[in-house]
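The values are calculated or read from the model by the stated rules, or taken from the named source; none is laboratory data. The shown structure was predicted, so the numbers you read here are calculated from the model rather than taken from an experiment. So basically every Cβ, Gly included, is an ideal-geometry build from the backbone, and we count neighbours across all protein chains shown. Heavy atoms of the whole protein, side chains included, go into the accessibility calculation; ligands, DNA and RNA do not. Shrake-Rupley method; radii C 1.70, N 1.55, O 1.52, S 1.80 Å.
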Amino acid sequence: MKILMVTIVLMVLLSGLSLSLDVIIGLDKLEAVKNALNPFRVMETVEMFILAFLVLLIFVDALVFWYNKHKKGTSK
């Protein structure tokens, strides 16, 4: 669960840094968000499914780890 939270925190911090740097160089907030989401707009459908699958794997792995840890803790 720690790994998942660290991943999410890093993603949010780096996205915020990217957005703030875009605003500092003179882009308005809407253009900064469009600039940050640009890599996802040019992805093909298959690439979007692969990205969604990889994100899903991260969440499933964290849930399985949490479940096994929780199950081990209650069986004692």
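Report, ordered by chain and residue number, the lysines lying within cross-link reach of LYS2, taken as a straight Cα distance under 19 Å and ignoring same-chain residues fewer than 8 apart.
Within the straight-line cut-off, LYS2 pairs with LYS69, LYS71, LYS72.
Keeping all protein chains in place, calculate the accessible area per residue for the chain (probe 1.4 angstrom), answer in Å².
Spelled out: the 1.4 Å probe surface of the chain, per residue, equals 90 Å².
Ignoring ligands, DNA and RNA, what percent of the 1.4 Å accessible area of the chain is carbon and sulfur?
Roughly 75 percent of what the probe reaches on the chain is carbon or sulfur.
Rank ALA62, LEU13, PRO39 by how far each Cα sits towards the positive end of the charge dipole of segment 3-63 (+1 on Lys, Arg Cβ; -1 on Asp, Glu Cβ) and give me just the farthest.
Farthest towards the positive end: LEU13.
Determine the calculated [θ] at 222 nm for the chain from helices alone, applying -39500 (n - 2.57) to every DSSP H run no shorter than 4 residues and normalising by the residue count; nearest 500 deg cm²/dmol.
-30500 deg cm²/dmol
Using only the Cα atoms, work out Rg/Rh for the chain, with Rh taken as the Kirkwood radius, to two decimals.
We get a ratio of 1.17 for the chain.
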